[in-house]
1. For the stretch A:1-123, just run the numbers: alpha carbon Rg, then divide by 2.2 N^0.38 Å, N being how many residues it has.
2. Threshold 40 Å², probe 1.4 Å: give the residues of the stretch A:166-198, in number order, that are less accessible with all protein chains present than with their chain alone.
3. Roll a 1.4 Å probe over the protein chains and send me the accessible area per residue for chain A in Å².
4. Rounded to the nearest whole Å², what accessible area per residue is found for the stretch B:85-148 with the 1.4 Å probe?
5. Could you tell me whether the stretch A:76-117 comes out rounded, prolate or oblate from its Cα gyration tensor? Rule is a ≥ b ≥ c as square roots of the eigenvalues, rounded for a/c under 1.5, then prolate if a/b exceeds b/c, otherwise oblate.
6. Can you give me the C-alpha center-to-center distance between the stretch A:40-102 and the stretch B:24-88, rounded to a whole angstrom?
7. Calculate for chain B the 222 nm mean residue ellipticity that helices alone would give, adding -39,500 (n - 2.57) per DSSP H run of length 4 or more and normalising by residue count, nearest 500 deg cm²/dmol.
8. Report P(r) for the stretch A:326-472: all Cα-Cα distances, bin width 5 Å, range 0 to the bin holding the largest distance, values in whole percent.
Amino acid sequence: MRDIRKFDARPKLDGSWKFLDDITYEGMIYGQLLYSTCHHGIIKKIQFPKDFELNEFTIVSAKDIVGKNLVPEPEPDQPFMAEDKVSHFGQIILGIAHPSKRTLISFIKQIQIDYQELPAITDIEECLENEDNVFGREIIIDHRREIELESNWIHSHEIYYTPHQEHAYMEPQGIISIWNPADRKMFVKATCQCPYFVKHAVEAIMGKAINEAVIETSEGIGGAFGGKEDFPNVLAGITSLLAYKSGKPVKIMLDRADDFKITTNRHPSRIELHTYTDPATKKIMKLNVDYRLDAGAYQTLSPVVLSRGVLHASGGYNIPDVYIRGRLFRSNTPSNGAFRGFGVPQALAAIEAHADKIASQLNMDPYDFRKTNIFKVGNEFPSTQKITENHLEECLDRVVQKSDYRKKLQEFKEWNVAHKDKKGIGISMGYHGGGYTGNGEKILNSKIKIIIEKDAKVKIFVSSTDMGQGAHTTLAQMFFEAIKHPREKCWVQLPNTSKTPDSGPTVASRTIYIIGTMLQKFALKIKDEMGFTNLEEYVASHQSDFPREFQIKFTPDPTVSFDDNNFRGTAYKDYSWAACVSEIYYHADTYQIELKKIWNVLDIGHPVNLKIAEGQVEGGNIQAMGYALTEFFYKKDFGRMQGFTDYSIPLSLDIPEIDIEFIHTDSDVAKGLGEIPMDYPAPAIRNAFHNAAGIFINEYPLTPERIFKQISSPKNHRI
Amino acid sequence: MKQIKLNLNGEIRSVLVDPTETLLDVLRDKLGIKSPKCGCDRGDCGACNVLLNGRSVRSCLILAIETDGQEVVTVEGISQKGLSRVQETMINKNAFQCGFCAPGIIISATELLNNNPHPTLEEIKEALSGNLCRCTGYLPILEAVRESLEGGKNE
């Protein structure tokens with residue numbers, strides 16, 4: 001657990017670090033997308049403006065696709081471009097390129113498309129409330145036991161809603177494609193999380209026209225958070241088609257409004273919970289979950305968001321009888337996709353608010369209620385996976401202790417009696433399974449290549465990308481710390497699919513946990529096999545053996561198995577655990593919630609680089625704060641927000657104090673970290689507001705507008 | 001098109017501009033200055049901040065033609081003779097994650113420290129409140145600015 005300065009810290013500070021839009025190629029032209037402004041309809045006519053030289057433009061439509069008009073991953077159901085029908089607002093109809101950005105923009109603005117409009121589902125409420133909109137596979141986790149409901153058990157019923165959330169990475173999406181007719185290769189420079197997804201997409205759209213697509217990431221990837229997992233596939237496909245047709249390098253950078261309007265977002269959810277609690281023991285005896293996600297127009301990766309969501313839907317509670325039903329709902333809006341948390345923030349929004357609801361019905365402190373119901377070693381998840389450690393409870397106890405929860409609760413209660421403004425404190429807890437769900441890692445079968453040079457330099461080749469989270473620093477650190485190799489002799493190479501093998505996508509809190517662990521084990525293995533104590537000395541005395549290349553493959557744990565059909569078994573080999581307390585100040589005159597402080601206690605196993613790990617927690621906390629308090633992405637009769645003017649992410653003035661503690665840091669395992677700090681804070685903030693004002697709100701964000709409406713008409717508060 | 005002259009990072013540069021071109025586009029596309037980033041192109045995010053006659057401005061909201069004869073400093077200029085103390089503390093604290101917002105934040109912090117060498121935490125928060133960052137939650141950035149105040153004047 002050492003703090004190593006990030007290898008890219010300096011170039012990021014002197015302005016020399018290159019992001020995609022900082023790169024130009026000789027003869028490069030600019031591309032833009034023309035997308036549907038109709039939610040559902042048939043394209044009748046596309047009319048180009050008259051006062052432009054049409055032959056100066058390169059225009060591609062679905063008709064120009066040489067291969068298949070179907071994005072191959074994750075779920076192959078989304079076309080790259082609309083054919084004669086559009087299924088959602090923002091669906092791409094044409095890709096257009098021109099040497100001048102300005103000419104291109106004014107040309108695109110003047111293109112007219114006539115549609116024959118068809119009925120469309122555009123509102124989250126319409127989408128999620130109507131069961132006719134279900135599509136894709138339904139997931140059931142059936143952990144029902146023969147338990148007779150007692151008449152005195154307390155029935156708690158609530159429907160919880162969560163909204164869209166926009167990733168708001170600071171660097172918008174972009175791609176550069178370069179076609180080389182000599183070797184028939186398409187070279188793609190991408191700001192993306194998953195170079196191999198992009199490769200498969202470009203090869204699918206180009207079909208026989210190319211021999212191979214080679215994807216290299218840009219040096220800088222300006223934030224991603226899941227947003228650059230699947231949309232780059234679509235964008236790279238269309239940019240490559242433009243490069244192929246024009247014969248020139250083509251760059252498409254989305255402007256911010258387009259990025260907001262047409263790329264993926266966090267899935268809105270509607271989660272209905274029924275619980276039955278025994279008033280004598282204060283234990284939840286039965287839980288029924290109806291977990292619904294608005295998938296958008298296509299499934300893409302929604303099925304895997306759904307599976308993670310339902311596997312986390314019962315929270316950290318030991319409930320004897322659980323039935324969880326998960327479904328995807330279709331709407332005529334852009335497909336929702338991956339976003340840090342991946343179904344878990346929605347799951348916890350429901351179950352963690354519900355815990356407070358039951359506690360207040362029992363007139364019990366939310367901490368005591370959680371202590372009574374938290375799962376323990378020997379209990380099991382609804383998937384029947386056994387709980388093997390009590391670390392979640394340790395996190396909970398520790399966070400309550402260090403935040404002075406009990407004392408503050410009492411103090412605030414007294415303070416609130418005498419004041420119009422209110423102070424509040426709230427708890428939440430949660431967990432996040434590391435890596436792909438179920439058999440996912442076995443199927444991914446990640447590979448790594450390592451070259452040890454004659455001067456003992458170690459080059460690590462992985463397709464895992466560094467989008468700011470510090471993955472390349474930490475991955476290298478896991479290797480060189482394992483064998484005490486000098487730091488400056490160990491580097492992760494820029495991902496390039498012609499050089500780096502497929503180590504899987506950079507998602508699912510898996511990069512350090514899966515790929516880092518593979519590197520660490522490999523370092524120890526060669527140390528053992530070659531019998532060195534110092535790699536530099538060994539290489540110096542065995543010069544003829546070097547440079548030497550090694551291939552490493554993921555070895556699945558044979559004891560881990562999961563039944564994908566019935567959702568039974570080991571869903572995740574290792575879970576990260578966390579508990580949180582948040583303190584708020586409620587301004588009664590303005591209906592504003594001011595977040596004062598967040599305490600985090602996490603078990604992520606061994607934090608490889610403490611500063612980088614803390615950075616993940618801080619960043620995740622603040623994204624969760626935006627999710628809970630300010631980030632309003634969609635309004636009925638208005639549509640999506642179009643930029644930072646109307647979509648408020650937290651500013652430096654808004655941020656609370658953040659306290660972070662990791663426990664069980666002496667563990668051998670470096671578990672998943674990227675997502676969990678986004679999962680649990682939002683419910684703690686909501687619960688703190690409930691504690692402060694006594695107002696129970698079942699939907700984020702808790703904007704002044706929503707609070708005002710809730711107070712003025714408690715029955716009909718959805719906005 | 002009109003020829004304008006700028007004092008850009010201490011060097012007089014002349015460039016032909018269209019009256020509707022923004023300073024951001026001219027810096028990036030015609031003058032090879034890439035540190036100001038285009039995060040929104042409408043003045044929301046602060047990634048394109050530059051110092052215009054010592055004041056931090058959104059270069060996406062300034063027309064290049066307005067800057068004729070004036071002084072523009074970007075992070076390239078600030079870094080010319082080695083990094084400033086606040087840049088060094090930001091490096092040591094791993095203050096940034098993706099780094100896309102970093103150039104704009106360095107400009108805002110530099111302006112603050114030039115005018116107010118000993119700002120309070122509230123003043124630092126205020127000075128950086130026009131710069132969006134989505135990765136870090138701002139804390140390490142604020143801490144780095146504060147830490148850079150220790151042991152003398154920022155230069």
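The values are calculated or read from the model by the stated rules, or taken from the named source; none is laboratory data. What you are looking at is a predicted structure, and each value in this text was computed from that prediction instead of being measured. Glycine gets a Cβ as well: all are built from the backbone with ideal geometry, and neighbour counts include every protein chain shown. These area figures cover heavy atoms from the full protein model, side chains too; ligands, DNA and RNA do not enter into them. Shrake-Rupley method; radii C 1.70, N 1.55, O 1.52, S 1.80 Å.
1. Values: Rg = 19.7 Å, N = 123, 2.2 N^0.38 = 13.7 Å.
Compactness ratio reported: 1.44.
2. Residues meeting the cut-off: A:Met170.
3. Working: 25840 Å² over 719 residues.
Accessible area per residue: 36 Å².
4. On the way: 1880 Å² over 64 residues.
Per residue, the stretch B:85-148 has 29 Å² of solvent-accessible surface.
5. Working: a/c = 3.32, a/b = 1.65, b/c = 2.01.
The shape class here is oblate.
6. 35 Å
7. Numbers: 5 runs with 42 residues, N = 155.
It comes out at -7500 deg cm²/dmol, rounded to the nearest 500.
8. Pairs per bin, as whole percents: 2, 6, 10, 13, 15, 12, 11, 10, 9, 6, 3, 2, 1, 1, 0.
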